[in-house]
1. Taking into account only those residues within segment 349-360 that are crowded, with 19+ Cβ neighbours inside 10 Å and assigned to a loop (DSSP other than H, G, I, E, B), which is modelled with the lowest pLDDT?
2. Are any of the residues in segment 282-294 touching a helix residue (DSSP H, G or I) at 6+ places or on another chain (Cβ under 6 Å) and free of Cβ contacts under 8 Å to residues at least 24 places away in the same chain?
3. Among the residues of segment 249-266, what is the count of those that are crowded, with 21+ Cβ neighbours inside 10 Å and part of a helix (DSSP H, G or I)?
4. Criterion first (modelled with pLDDT under 90, assigned by TED's automatic domain parsing to the domain that holds residue 113 and either surrounded by 15 or more Cβ atoms within 10 Å (Cβ to Cβ) or part of a strand (DSSP E or B) (or both)) does residue 370 satisfy it?
5. Would a scan of segment 170-181 turn up a residue that is at pLDDT 90 or above, over 24 Å from residue 350 (Cβ atoms) and in the same structural domain as residue 309 (by TED's automatic domain parsing)?
6. Can you tell me which residue is surrounded by the fewest Cβ atoms within 10 Å (Cβ to Cβ) among those in segment 36-56 that are part of a helix (DSSP H, G or I) and in contact with a helix residue (DSSP H, G or I) (Cβ under 6 Å, 6 or more places away or on another chain)?
């Protein structure tokens, strides 16, 4: 669980972002958006009063900050108000100057929240559905990284027919990399992942995953599946949810697991769609954006390589599938994506019948605008 010292620092950071004073609920909302992978499933577990453990612990951390004269007391600030003292404001500035701009904390936080929501929802019969998990994930990225992430939803599409979902493009200075993500939620009761979902009537393929793989190959953009669940793999997998510079080792990171679309097709064909097997063939999705030593694009390519190598070994030389040669992340985005990053376009037109596009500016300058469409 997150420590009280960490909570104290994030209270000071949040209040600095709120001009020094705000009501408790608002401070905690800002903190939750920034804490990322530091919040585990245990942190989200409710206390006897119904409040999440980390929120309850933050109140104790606030008392310590008052004792240290970094926050004003209730008598000075008013009931329910948390306010920095001049000394607290100086500490807040120092902490904010050292903040990590990585996307990894947000990705870790999203996965932990998915795992917790699945477990908690199962107990009351209210596990969120796949589109809800996706919307919440993209909303968090767009609001927490307004200077770097742009989310644009396109019009409704026939997902069951073409298998498409969201296309992601990352720009790092003058380089680009792209891929598509198709999301699936593991059945919260049985753990089964519907990788073998039939394609819509009239589609030229039997399964949605076949349509997805073939469409990706036709467009030259590789595909990933992202599985939402609170299940665990039977084996350690390709790369597990170990510690990284942005958070501790946490099994809840399997809450968002990515695997190659080709791997999803193989598992569907072999009728191995149980969550334990599916997760073992993938990696927690924060690995896509956690590479502190190199650029984000290099990290994405490394993840694809690590996913491809065991898949090639499993298939062997006898595999006759038409997509034996796996696609690496794309490097040539649609022209309108390039125009957007170069500030020559504000709104992107739909393409390839996908649900929408996620644009991440990993260059030092950051994106110029981030209004959600």
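1. For segment 349-360, the residue satisfying everything is 354.
2. yes
3. Qualifying residue count for the region: 9.
4. no
5. Scanning segment 170-181, I find no residue that is at pLDDT 90 or above, over 24 Å from residue 350 (Cβ atoms) and in the same structural domain as residue 309 (by TED's automatic domain parsing), so the answer is no.
6. 53
One line per residue, one yes/no per condition, for (1) at pLDDT 95 or above; (2) under 30 Å from residue 295 (Cβ atoms); (3) assigned to a helix (DSSP H, G or I); (4) more than 18 Å from the chain's Cα centre (by Cα):
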| position | (1), (2), (3), (4) |
| --- | --- |
| 82 | yes, no, no, yes |
| 91 | no, no, yes, yes |
| 102 | no, yes, no, no |
| 108 | no, yes, yes, no |
| 113 | no, yes, yes, no |
| 123 | no, no, yes, yes |
| 128 | yes, no, no, no |
| 133 | yes, yes, yes, no |
| 140 | no, yes, yes, no |
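The values are calculated or read from the model by the stated rules, or taken from the named source; none is laboratory data. Here the structure is a predicted model, which is why all the values come from computation and not from measurement. Every residue, glycine as well, gets a Cβ built from its backbone with ideal geometry; the counts of neighbours run over all protein chains shown.
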